[in-house]
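The values are calculated or read from the model by the stated rules, or taken from the named source; none is laboratory data. Only a predicted model underlies this, so the values are computations on that prediction, with no experimental measurement involved. Here the Cβ positions follow ideal geometry from the backbone for every residue, glycine too, while neighbour counts run over all protein chains shown. Only protein heavy atoms, including side chains, enter the accessible area calculation; ligands, DNA and RNA are left aside. Shrake-Rupley method; radii C 1.70, N 1.55, O 1.52, S 1.80 Å.
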Amino acid sequence: MTAELSADASRLGLGPLEILPRPIREPRRPLVAIGVGWLMAFVPSIALAALISLIFPNASQPDFPVSPAMQIFLIVILSPVVETLMMGTALLILLRFVNPAVAIMISSIGWGLFHSSFHPTWGLVIWWPFLIFSTLFVTWRSRSLLTAFAIPATVHALQNLPPALMLATGHML
């Protein structure tokens with residue numbers, strides 16, 4: 001079974017993305033993929049955010065002028081679901097024309113550009129988590145579309161949870 005899964009993962013054509021941890025490149029253990037996916041998305045994005053804050057200390061930050069409960073709902077529930085549906089749909093289309101590694105890169109850069117249209121420096125941080133979310137989608141689509149949407153949406157929700165809680169409680173760094 002392990003050799004079969006490794007062969008499936010290598011057939012994905014992830015190229016340079018093969019350096020990512022195996023649990024997010026092989027559709028084997030969903031809970032491990034979620035945990036590793038979250039660590040791989042969250043830790044580097046926090047480091048990128050800190051670096052961007054040092055380089056651009058006066059850059060505008062996202063603002064959600066709604067109640068704290070609504071902020072949490074929008075950031076942790078609605079945004080991951082809607083964005084994962086959009087990302088997955090775009091990836092399914094891209095995969096008809098390009099190999100998985102190229103589709104994943106286009107997706108992550110596209111999401112970075114999209115988020116930059118709201119706050120220019122935000123996209124510099126966002127592209128990395130979307131690289132992980134897109135990789136998870138492409139990896140898990142071999143199991144089912146539901147799983148391909150559920151796993152990256154869960155990782156996305158976990159990615160957004162700490163900043164949403166900080167924003168809702170007014171404890172931003």
I'm trying to understand the selection: among the residues of segment 72-95, which are open to solvent by 70 Å² or more (accessible area, probe 1.4 Å) and either of a type in the set (Asp, Glu) or closer than 16 Å to Ser108 by Cβ (or both)? Met86, Thr89, Ile93
Selection over segment 116-155 where residues are open to solvent by 10 Å² or more (accessible area, probe 1.4 Å), of a type outside the set (A, V, I, L, M, F, W, C) and touching a Phe, Trp or Tyr at 6+ places or on another chain (Cβ under 7 Å) yields a count of 3
If you go through Thr147, Thr135, the only one that is part of a helix (DSSP H, G or I) and closer than 16 Å to Pro44 by Cα is Thr135
Return the total of residues in segment 156-170 being on the phi > 0 side of the Ramachandran plot and either in a helix (DSSP H, G or I) or open to solvent by less than 10 Å² (accessible area, probe 1.4 Å) (or both). 0
Please go through segment 78-89 and pick out each residue that is among the aliphatic types (A, V, I, L, M) and within 12 Å of Ala157 (Cβ to Cβ). Leu78, Val81, Val82
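Matching residues to (1) in a loop (DSSP other than H, G, I, E, B); (2) within 21 Å of Leu158 (Cβ to Cβ):
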position	(1), (2)
Trp38	no, yes
Ala49	no, yes
Ser53	no, no
Asn58	yes, no
Phe73	no, yes
Val76	no, yes
Val98	yes, no
Val102	no, no
His115	no, yes
Given the condition open to solvent by 60 Å² or more (accessible area, probe 1.4 Å), modelled with pLDDT of 85 or more and within 19 Å of Pro100 (Cα to Cα), answer yes or no: does some residue in segment 46-69 qualify? no
So for segment 26-33 (the condition being charged (D, E, K, R), open to solvent by less than 90 Å² (accessible area, probe 1.4 Å) and either touching a Lys or Arg at 6+ places or on another chain (Cβ under 7 Å) or in a helix (DSSP H, G or I) (or both)), does at least one residue qualify? no
